[in-house]
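Report on the structure given below.
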Amino acid sequence: MYQPPDAFRWTGRIDSVSDERAFRLHQRIRLLNLSQPLEPVERAAAFIGFACDEGVRRNQGRQGAKEAPAAIKAALARLPWHLPEGVVVYDAGDVVCVDEQLEQSQAELGTMVARLLRSGIAPIVIGGGHETAYGHYLGVREALGPASMIGIINIDAHFDLRPYDDGPTSGTMFRQILDQDERASYFCLGIQLLGNTTALFAAAEKYGCWYMMEDKLTAGPIEAAYAQIEEFAAHHDAVMFTICMDAISAAAAPGVSAPSPFGLAPSLARALIRRIVSHPNTVSVDLCEVNPLFDEGGKTLALAAAFCMEALLHFQRLQPRR
């Protein structure tokens, strides 16, 4: 299910071949084949795609998110390079879901995420449906071992705490994690009343989840969210961060599996992303639910690429040593 990276995806405008101040990401990206032995690397990050929307199909959502990793990487390629000197960024290829084998593809993604973390490389996983987050979690847990306390911070309109009696979907993964891992906790920012049933709010209470409603985030001072992020992260040895693009207003992000008319403004989401990745406990990021088949003028892809670049620029693990 693993496919090594393809240099063909990384093309774009060239303003100079010698002046690095004029370089774009496609001129700095390196290719990393995770089927080969890895050496430890400092101050490095890697994009790895999860070309899967089988969980979305099972959840009766709009399919097409499996096309997002290639499309988002193409959008990233064109962005200017502003990362500090000494930072290395890789394309580590993709995990592809074959023949509706969701569980197997999630396990494969977990293996690849763990390999990156063990080599000191910060994974930025590009989904795919939000089932991506379960594979992401498997890798973080494998890399950190059973004793570590893992905090999961999610920007999302939905809890994704549905029962999974009939199998996992893109709406079950956080319930799966909390059922099987007593050393994991969950904090969701951007929850919408009209995006969740009363039963899902009850499930969030049952599992002791932290959450902030979309209207509170939008109307209140952002410092209140920052304070909760800091408090939550401080309770954990590591934080994995997941971004669901359906948390963003449909006006700015129409190309998603489940558009959100009352979603967050991109500027607010950007501020949250910057704060979360700048925390020293944050070890990895994923971004999910972009559906290029329903995008308008490429604006959801452009926003997703910008969020990925914001994560790179503000990731504490990539900053110069002091």
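The values are calculated or read from the model by the stated rules, or taken from the named source; none is laboratory data. All of these numbers come straight from a predicted model, not from anything done at the bench. All Cβ positions, even for glycine, are placed from backbone atoms using ideal geometry, and neighbour counts span all protein chains on display. These area figures cover heavy atoms from the full protein model, side chains too; ligands, DNA and RNA do not enter into them. Shrake-Rupley method; radii C 1.70, N 1.55, O 1.52, S 1.80 Å.
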Task: Separation of the ASP99 and ARG28 label points, Cα + 7 Å toward Cβ, nm - done: 4.2
Open item on the list: With loop defined by DSSP as not H, G, I, E or B, and exposure as at most 15 other Cβ atoms within 10 Å, which is the longest segment of the chain clear of exposed GluC sites (Glu not before Pro)?
Closed with: 183-295
Open item on the list: Taking each pair of distinct Cα atoms in the stretch 35-142 once, what is the resulting Kirkwood hydrodynamic radius in Å?
Closed with: 14.3
Open item on the list: Calculate the FRET efficiency for ARG321 and ALA251 from the Cβ-Cβ distance with a Förster distance of 41 Å, rounded to the nearest 0.05.
Closed with: 0.50
TODO: Give the relative contact order (percent, whole number) for the stretch 84-162; include only Cα pairs under 8 Å separated by 6+ residues.
DONE: 28
Open item on the list: Give me the extension gain from GLN63 to ASP15: residue separation times 0.36 nm, minus the current Cα-Cα distance, reported in nm with one decimal.
Closed with: 13.6 nm
Open item on the list: Report the gain in length on full extension from GLU42 to ARG274: 0.36 nm times residue separation, minus Cα-Cα distance, nm rounded to one decimal.
Closed with: 81.4 nm
Task: D_trans [Stokes-Einstein, Kirkwood Rh over alpha-carbon pairs] for the chain, 37 °C, 0.692 mPa s, µm² s⁻¹ - done: 170
- [ ] With a 1.4 Å probe and every protein chain left in place, work out the accessible area per residue of the chain in Å², rounded to a whole number.
- [x] 41
TODO: Enumerate the lysines that LYS66 could reach by cross-link, defined here as Cα to Cα under 18 Å, with residues fewer than 8 away along the same chain left out.
DONE: LYS299
TODO: Using a 1.4 angstrom probe on heavy atoms only, work out the carbon and sulfur share of the accessible area of the chain in %.
DONE: 50
Open item on the list: In the chain, if the dipole is taken from +1 on Lys/Arg beta carbons and -1 on Asp/Glu beta carbons about the Cα centre, which of ALA7, ILE177, GLN104 is farthest to the positive end?
Closed with: ALA7
- [ ] In whole angstrom, note down how far apart the Cα centers of the stretch 58-123 and the stretch 281-304 are.
- [x] 11
Open item on the list: At R0 = 30 Å, how high is the FRET efficiency between GLN228 and ASP179 if r is their beta carbon distance? Nearest 0.05 is fine.
Closed with: 0.80
Task: the chain: calculated mean residue ellipticity at 222 nm from DSSP helix runs of at least 4, using -39500 (n - 2.57) - done: -10500 deg cm²/dmol
Open item on the list: Under a Cβ-only charge scheme (Lys and Arg +1, Asp and Glu -1), can you give me the dipole magnitude of the stretch 134-236 about the Cα centre, in debye to the nearest 20?
Closed with: 80
TODO: Calculate the dipole size of the stretch 2-318 relative to its Cα centre from +1 charges on Lys and Arg beta carbons and -1 charges on Asp and Glu beta carbons; express the result in debye to the nearest 20.
DONE: 720
